[in-house]
Amino acid sequence: MTTAASSIAASRPFTLSTWLRTGAAVALSDGLFACATAVFVPPIQTPLRLFQGVATVAFGKEMLQGGVPTGAVGILMHFTVAMFWSGVFLLALTIWPELRHSVQSWPRAMAIAAVYGVSIWLTMTWIVIPALLHRPPTIGLKYVVQLIGHIPFVAMPMILVNRRTTA
């Protein structure tokens with residue numbers, strides 16, 4: 001990338017293609033991690049049941065009985081949430097040049113991933129989902145695994161996809 005092109009990318013990191021690329025990377029990475037967590041961390045469930053469970057948050061428990069179509073609704077919801085949080089991150093990169101600079105350093109990038117990944121998980125599990133389900137989250141091994149997993153599988157993909165274009 002030329003210096004002029006690098007300068008433009010740095011001043012405007014929030015483009016539609018960047019947003020789609022970032023959101024897709026997060027949705028795929030987190031989706032695969034969530035499936036692995038569902039299969040290997042008790043209570044065990046299938047990936048289909050996992051995404052049906054995602055769909056129940058907005059559409060109710062009947063989504064657990066709908067088979068593949070309701071699982072697809074859960075995947076679409078998962079992708080939408082990944083796009084939202086990716087957009088927030090890209091907006092932050094656009095507003096704060098210090099953040100754009102910080103993601104270029106591995107120690108700072110990892111610290112940013114830790115703060116942002118944990119913040120996303122806590123916001124979703126303590127504010128967004130309870131507001132829709134009218135109950136607090138269940139704290140257990142799976143909760144802790146997902147909390148920690150949001151660092152490398154949600155926030156870090158956002159950083160990695162945008163590191164070179166934000167220098």
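Divide the volume of the convex hull around the Cα atoms of region 56-114 by the residue count and you get 98 Å³ per residue. Summing +1 for each Lys or Arg and -1 for each Asp or Glu among the other residues whose beta-carbon sits under 15 angstrom from that of I148 gives 0. With all pairs of separate Cα atoms included, the chain yields a Kirkwood hydrodynamic radius of 16.7 Å. Per residue, the convex hull spanned by the Cα atoms of region 87-167 measures out at 87 cubic angstrom. With 0.36 nm allotted per residue and the present C-alpha distance subtracted, the E98-Q45 stretch has 14.9 nm of extension available.
Taking 16 Å as the cut-off, the amide N atoms of region 31-75 that come nearer than this to a point 7 Å along the Cα-to-beta-carbon line of L141 belong to 36-46.
Overall, the accessible surface of region 60-106 at a probe of 1.4 angstrom is composed of carbon and sulfur to the extent of 76 percent. A convex hull fitted to the Cα coordinates of region 44-88 yields 69 cubic angstrom per residue. Working note: 222 nm ellipticity from helices only, DSSP H runs with n ≥ 4, each -39,500 (n - 2.57), summed and divided by the residues of the chain, gives -23000 deg cm²/dmol to the nearest 500.
Rolling a 1.4 Å probe over the protein heavy atoms gives the chain an accessible area of 55 Å² per residue.
If you average 1/r across every pair of different Cα atoms in region 25-99 and take the reciprocal, what Kirkwood value do you get, in Å? That comes to 13.4 Å for region 25-99.
The values are calculated or read from the model by the stated rules, or taken from the named source; none is laboratory data. Note that the structure is predicted; figures quoted are calculated from it, not measured. Cβ atoms come from the backbone with ideal geometry, glycine included; neighbour counts cover every protein chain shown. Heads up: the accessible areas ignore ligands, DNA and RNA and are worked out on the full protein's heavy atoms, side chains in. Shrake-Rupley method; radii C 1.70, N 1.55, O 1.52, S 1.80 Å.
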